Every structure is written in structure tokens, then in C-alpha cells.
Amino acid sequence: MQVKNENWKPLIVAFCCNWCSYAGADLAGTNRLNYPADVKIIRVPCSCRVNPMFILRAFQRGADGVIVCGCHPGDCHYTSGNYYARRRMTLLFSMLDYLGIEKGRTRVEWVSAAEGQKFAETMNSFVETITSLGENKRLEDLRCKTE
Amino acid sequence: MQRIGVFVCWCGSNIAGTVDVKKVAETLGHEPGVVFSTDYQYMCSQSGQDLVKDSIRTYNLTGVVICSCSPRMHENTFRKAAASVGLNPYMVEIANIREQVSWIHKDMETATEKAIILGRAAIAKVHLNAPLIAGETPVTKRALVIGGGIAGIQTALDIAEAGFEVDIVEKSPTIGGKMAQIDKTFPTLDCAACILTPKMVEASQQENINIYAFSEVDEVKGFVGNFTVKIRRKARYVKEELCTGCGLCTEKCPQKKVPDEFNLGLSNRRAIYIPFAQAVPKVATIDPNYCTMLKTGKCGVCSKVCGVKAIDYTQKDEIVERKYGAIVVATGFEPIKVDKFEEFAYAQSPDVVTSLEYERLMNAAGPTGGTLLRPSDKTHPHTIVFVQCVGSRCDEKSEKGKPYCSKVCCMYTAKHAMLTREKYPDTEVYVFYIDVRTPGKNFDEFYRRAVEHYGVHYVKGMVGKVTPENGKLKVQASDLLDNRQLHIDADMVVLAAAIEPDKSARPLATMLTASMDTNDFFTEAHPKLRPVESPTAGVFLSGMCQGPKDIPETVSQASACAAKVIGLLVKDKLVGNPCVAHSDEMMCNGCSQCQNVCPYGAITYTEKEFRMPDRTTAVRRVAQVNPAVCQGCGACTVTCPSGAMDLFGFSNNQIMAEVDAICK
């Protein structure tokens, strides 16, 4: 029986590549496009730098959703990094789904440096999905909790 | 344990307006390892930087966290400040609390909370930062300019004059680009050829410039300062070094019915041709799609008439490999295809022309020798309708048109209208427009002259339909200011087609790993502060490939671009990016997976001797990263099954620490 926590707010980790998506997030900021503060961005050089370990760790530490953002296919600053990311994440996400982390909690999105609007829209829709899925309890490691 | 200083920037009210900066500084001050924490109005200002420098000295800081704007903005500023007082610049981390916090969140409490979390993540990362030393790589002192239009020519000339060698690669048989096709230029009405052709000649005579006409870029490898480019010199079937450009072959060739692309198909040329009289290099080219000799093996007229024996039917494409320090993209534009706009009947009537075709019809060197004649019956037109914004400023979702303003159409239409009325005062000229946009020096005066002095009828409204009927073009249009329908029997309709980037730009962008926007224009490194550089180091942008612009703007951008290239080429050495991959040889098992995913070929293998715990020695195959070639994407770090690969500056532990700090 799951108890509803009234004060629960989703915790979302976004990995953004330095060249496209992080710049897209900056552009969303420059254009003052709102998205919820639940999203916390970690800058990585390329989406292919996102080790599946980072995502597992995030879920273990109580994240409710993880999103990986990179350059559009064909536009990767490092030519092919986002293709590696796409394949790795496809595998990881289906494994996570098997473990009970629903597919909706994980996502890969392509956001270019010019797409501030898309970044904000993506984050808004992702937060909405996570909010409707509720708290993530599956992989959370209680030993990690400080309280 | 690091000794960390935290500096929270107000950015005036940009951050302080929504984030409680005092609270952020105070809370972060209690984080482990933080020995000093403060806030300041403008951290990036001289006094702000001095504050950082003084604190590094006073508190003997080993790590610095700046909570301010995006690291894409000021990371370098603070790294330099740290370096100036002896702290390794890679011990500085930025928490982005402006673009990612204060500008997107309105509620102070939430914003402050998020700013603290981002600050914590940065502190967690700094704890694991290690001093990094950037390597140096030499610079090849030669530039490549891709595209030989006015943008490419101007950039090449400026670089060459500074004393550096430049190669121009142009895909058509001559340099000159679109400007060579234009008749007159606005707003001065001086002839385009008169100002362009001397520049073309200058480029061909300048000893530092080498022109590869009728060539294309096949492959680009390497990085800033050290590019290796493969150039495909397409077969002309004419030996460039022998041909004198006398033009005898182009007169004798029996194949006369080849549409002339320089005149946009309004006239014919031979199968062996020189695009136009002032072509540079002035060398004949055989069009293999039409040449009877190349197709059937029977003819050979050009070879017989050529006095210098320059014709070579067996010529093949040749690949040249050259090294460059900088690459300039000047691929330019082309007008969009207008036949998809069926309402204007471009495909139905030859008298419906695009503005560039009209330009050729007005040009003294054009298919009609400068006399304005209808393409259908070669008679003089008495009523001409100009339609503006054909494909420009369309709906974002439109599949036919472009969302942007093509910028030059208003002005060249005013020019066309004016020139037509001046040459043929008996002609009625109508211009249908959505808005007339004339910002620029002497531009609005020019447009007003067209209306007031030359009596051009400007009508606000769009043309709904053009119907060819009995040799006339029935134009249906609406006059929005008078709120009435207009029916005009026109002799010619001229469409101001939107401009789009050249088709060759997209594959080139992929080769250069330079980014493009949704319309295939190249993106600049910063829209305001770095407008001629692409985000990819060593790749520069010149002219229309970056966005619509007129000739003076193109020339200014071309010269600005040259200045940036010269700034790069004068350096003997470039300081590299130390955030590169490295392998832990003790952990590496030599599986080659990292080598397979590396896009730069930076990973090699070597046999190394290791001392085993039982005091024997074993030889193992281990990966080694060449730091000068590695660009630091991190693909190898994730693919490595033993976890031997890691990335300086973005190590597994650092990112993990950030995750932990965020998910606390």
C-alpha cells in the first residue's frame, strides 16, 4: 500500500551535452521560458559521456526521472557520440523497465543550441509525466538516505 | 581535503531578483571543505575578479566555485583569473544559477533552493577536480576557403594580404558566385560585374591564393590548427594548365542545345563551355552529360580546333590532400524552387520568372543583351507585376516556404522596378508586398525614390492567382489598404523567391561537425559576440551561409572572418583542451572497444611490461590516448568494460558526485 506524500515533488536529473542541449537550456533561460525547478541539469561534454552507472546511481539515490539530452542525430559535435548514447540508452531503459522503473521515467531527447523553446517544452512534459507516475521507490537504496 | 571558496554573483538584479544570494552564500559556506563564501554584485567585473583573486591568496584556496551565469559565458573569465594568481584554472567550477535558475523560476524560495543544490553539486565536483595542464599543438599556417563567391573571395584576399597562404575551393568552373549573375547593385546602382570582376582577377593574381575551381571538399579530418582535407578536383576534360581560354572550342562544338546554368536556362550553351567572359580561371569545361565524344566516342571537334592540345577526354577526378590551420565556410545561397507555389503558374508560363532570372534578362551580358524581352515571344512587356515574399515569412509549419525574411528581396525589387521604369518609361510596374523592409544606409531613400520619382505602383497585399491566358498573365490580387480586389493583365510576373542555404552546406556541416539551425544556416559560436566563428574551433563563417545578408554586409562579415582567421594563423602553437580521455594501464585489458568507438582515431595500443605480484614480468597490450588528437567526448569512457578509461575534467567520480549532491 503506497502512502501518498503530500509534500512530494519530483526530483529529475537531466544530462545535457555541452554543445547543443546545454546551450539550448541556456537559450530557454535567456528567453525566460519557464520549466519546473524540479529539473537539475548536469553538464557533460557529449551525450555519449553519460555512463549507465550515472543513471542507476541517480535512481538509487532517489531520483524520480532521468533525461538525457544531446545534439540531433547527424549534428553531434563529436560526429557520432549521440548515436552511441541512443543505443546505450535504449538497452539501459528496457532493462530498467524490466526492473520496474517505468519507461516514462527515462527519456532521450535531441535539443539543438537553437531550440530553447523545445528544451522548455520537453522539460515541462517530462515533469508532467513524472508527476503522474508519482514517487520512484523501486531502486531507491535506503542506506543512502541521510535522514 | 580541498580548501574551497564559493562566490555567489548577483548579476545586478538578474540573479539577485529571484534568488536569495545571501542565503545561498551562507548555506554553501557550511558545506564540507568550504573555507570562504561570499556574494558580490558583478562577479565578472574587474573588482569581482579581484575579489576572487584576493580570496584565493588570502585563504589559500585550492578550489573555486562561482555561482553565476552559464559556464558557456564566463567559465574562461574565471579560469584566467584563477590562473593569474597561480591556481590551476581547471580547479574552477561554475554553478549556473542565472540561465538555469533565476531566469526561468519566479518563486524566490524554489529558486533559492535550486541554486543551493546546483552550488552543492559544483562543490562536490570541485572536491574531485585535479589540476590539469593543457598540451600544445602546432598550427598549420594555411587557410581553406570553401566557396568562391564574393564572401569567399574577400576573405581569401584579406588573409592572403596578411601573408598567409589560402586555397579557395569552388564547386563551379569559375569563382564569382551569385554576384557575377547580378546586373546592378542597390542602393547605388553600380554594376555588379564592374566591382566583382577586378576582385576575381586580384584573387587569381595574388601569389598567396591558390584557386581550386570545379572542385569539392570530400573529407575533413583533424581539428583546429591541424585539419587535413581531401579536395576532389572534378574532371574538366580540359588540362587547366594548358588552356588559354581562347574560346574557339566553345564556338565550334556542334552540341548547341545545352541549357546555360549561368543564365538560369534562359539561353543555351555548348557542351564545352566557359561560364562567362570574365570567368576566373578562364578555362573551358566539358559537360559530360551532353558531350557526344564522351557519350558515344564520336566527335572530337574541340580537340581538333584546340591549338594548345588542352583537351583530354580521359581525364579523371583527382583527389588532392592538403593541410590547413583554419577552414572558412562561404558556401552561400540559392533561391528556392518556386514551381511548388502553383498559384503563381511558374511552371505553366515562361513569362513568370524569378528575380534572379529577371536580373539576367536586364543584364547587358545576359541572354537578351540587356533588352528586356518576354521569354515566350521576345516582345517588350508593358505591364510587369512583382510579387514579394514568395516563400519568405511563411508559416513555421509550411512545407513550401521558409519562416524567415530573406532580407534582400525588398531592396532588389525596388531596384528592378526602378531600372525598368528608367529604361522603359512606358511600362507599368506593380509591386505586391506584405511589408517593405528597408533598414540600411540609403535604403529607405532608395525605395522612396522608386515610389515617388519613378512612379512604381506599390500595393500592400498578396497575389492570389496568376493565370496564363491568350499570351497574357491574368493576375488576381487584393489591395489590403483599399480593401478591394485587383485584376491586372500583366505581360510578365516576377517572383521574389526566398533564399535558402546552398544544398552543399548540409553535407559539409556534417564533415566539419559544425552545427546548423533548423533552416540549414550555419550557427555562430555566439549570436552577438562571436558572429563569424562556428562553435567548432577553427571553422569560420563568411557570407550568406550564416544567414541572409546583402553584399556590403557579406563583405564586412568576410573581412571580419579573415581577421579571426589571421588571429589564429599568427599563433605558432595552440593550447589544447586538457579535458581528454586517459586510460589506467593497470586496469586496461586491451580489448580495443575504445578504439572502435573513438571518432578521432586518438587511441592506439602498445605492448607494455608489467611487474606482477609474484615478481614475474608480463607483457600486456594496453590502450594509450593521444592527448593532442583526443577531443574529450567521452565515448570511450562509457564503452570501456573494465572501467580503465576516464575523462579529465568530467571523470566518472566527478559526475557521480554531482548526481549524489543533486539527489540528496
Is it true that A:Y83 is surrounded by fewer than 21 Cβ atoms within 10 Å (Cβ to Cβ), within 10 Å of chain B (Cβ to nearest Cβ) and over 19 Å from A:D38 (Cβ atoms)?
yes
Every listed condition ((1) out of contact with any Leu (no Cβ under 6 Å at 6 or more places or on another chain); (2) outside any loop (DSSP other than H, G, I, E, B)) holds for B:E241 save (2)
So, in segment B:589-601, how many residues would count as being surrounded by 15 or more Cβ atoms within 10 Å (Cβ to Cβ) and at pLDDT below 90?
3
Of the residues in segment A:8-33, those that are more than 9 Å from chain B (Cβ to nearest Cβ), in contact with a Phe, Trp or Tyr (Cβ under 6 Å, 6 or more places away or on another chain) and of a type in the set (G, A, S) come to A:G24
Looking only at segment B:431-483, how many residues end up being out of contact with any strand residue (DSSP E or B) (no Cβ under 7 Å at 6 or more places or on another chain), within 20 Å of B:A345 (Cβ to Cβ) and assigned to a loop (DSSP other than H, G, I, E, B)?
2
Regarding segment B:504-521, can at least one residue be identified that is of a type in the set (F, W, Y) and not in a loop (DSSP other than H, G, I, E, B)?
no
Return the residues of segment B:7-32 that are in contact with a strand residue (DSSP E or B) (Cβ under 9 Å, 6 or more places away or on another chain), part of a loop (DSSP other than H, G, I, E, B) and buried (at least 17 other Cβ atoms within 10 Å of the Cβ); say none if nothing qualifies.
B:W10, B:C11, B:I15, B:A16, B:V19, B:E31
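Looking only at segment B:283-301, which residues are free of Cβ contacts under 8 Å to residues at least 40 places away in the same chain and part of a loop (DSSP other than H, G, I, E, B)?
B:D287, B:N289, B:Y290, B:G297, B:K298, B:G300
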Name the residues in segment B:461-511 that are buried (at least 17 other Cβ atoms within 10 Å of the Cβ) and over 39 Å from the mean Cα position of the chain (by Cα), would you?
B:L473, B:L486, B:I488, B:A490, B:D491
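Matching residues to (1) within 12 Å of another protein chain (Cβ to nearest Cβ); (2) free of Cβ contacts under 8 Å to residues at least 60 places away in the same chain; (3) under 19 Å from B:C588 (Cβ atoms):
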| residue | (1), (2), (3) |
| --- | --- |
| B:M612 | no, yes, yes |
| B:V619 | no, yes, yes |
| B:V622 | no, yes, yes |
| B:G634 | yes, yes, yes |
| B:S651 | yes, no, yes |
| B:Q654 | yes, no, no |
| B:E658 | yes, no, no |
| B:A661 | yes, no, no |
Taking segment A:90-142 and keeping residues of a type in the set (A, V, I, L, M, F, W, C), closer than 18 Å to B:Q100 by Cβ, out of contact with any Gly (no Cβ under 7 Å at 6 or more places or on another chain) and in a helix (DSSP H, G or I) leaves A:A120, A:M123, A:V127
Quick check on my filter: what residues within segment B:511-534 are free of Cβ contacts under 8 Å to residues at least 24 places away in the same chain and touching a strand residue (DSSP E or B) at 6+ places or on another chain (Cβ under 9 Å)?
B:T513, B:S515, B:M516, B:D520, B:T523, B:E524, B:A525, B:H526
Among the residues in segment B:529-550, are any among the hydroxyl-bearing types (S, T, Y) and more than 14 Å from chain A (Cβ to nearest Cβ)?
yes
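A quick yes/no check of all residues on (1) at the interface with chain A (Cβ under 10 Å from one of its Cβ atoms); (2) free of Cβ contacts under 8 Å to residues at least 12 places away in the same chain; (3) assigned to a helix (DSSP H, G or I):
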site: B:N60; (1), (2), (3): no, no, no
site: B:V65; (1), (2), (3): no, no, no
site: B:R79; (1), (2), (3): no, no, yes
site: B:I94; (1), (2), (3): yes, no, no
site: B:E99; (1), (2), (3): yes, no, yes
site: B:H105; (1), (2), (3): yes, no, no
site: B:A115; (1), (2), (3): yes, no, yes
site: B:G119; (1), (2), (3): no, no, yes
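Regarding A:D75, is this residue within 13 Å of another protein chain (Cβ to nearest Cβ), of a type outside the set (S, T, N, Q) and over 16 Å from the mean Cα position of the chain (by Cα)?
Against the criterion (within 13 Å of another protein chain (Cβ to nearest Cβ), of a type outside the set (S, T, N, Q) and over 16 Å from the mean Cα position of the chain (by Cα)), A:D75 qualifies.
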Please work out if B:A160 is touching an Asp or Glu at 6+ places or on another chain (Cβ under 9 Å), more than 30 Å from B:P439 (Cβ to Cβ) and assigned by TED's automatic domain parsing to the domain that holds B:G325.
yes
Of all residues making up segment A:37-58, the number that are more than 9 Å from chain B (Cβ to nearest Cβ) and crowded, with 24+ Cβ neighbours inside 10 Å
1
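The values are calculated or read from the model by the stated rules, or taken from the named source; none is laboratory data. Not measured: the values here are computed from a predicted model. Positions of Cβ are generated from backbone atoms using ideal geometry, with glycine treated the same way; all protein chains shown enter the neighbour counts.
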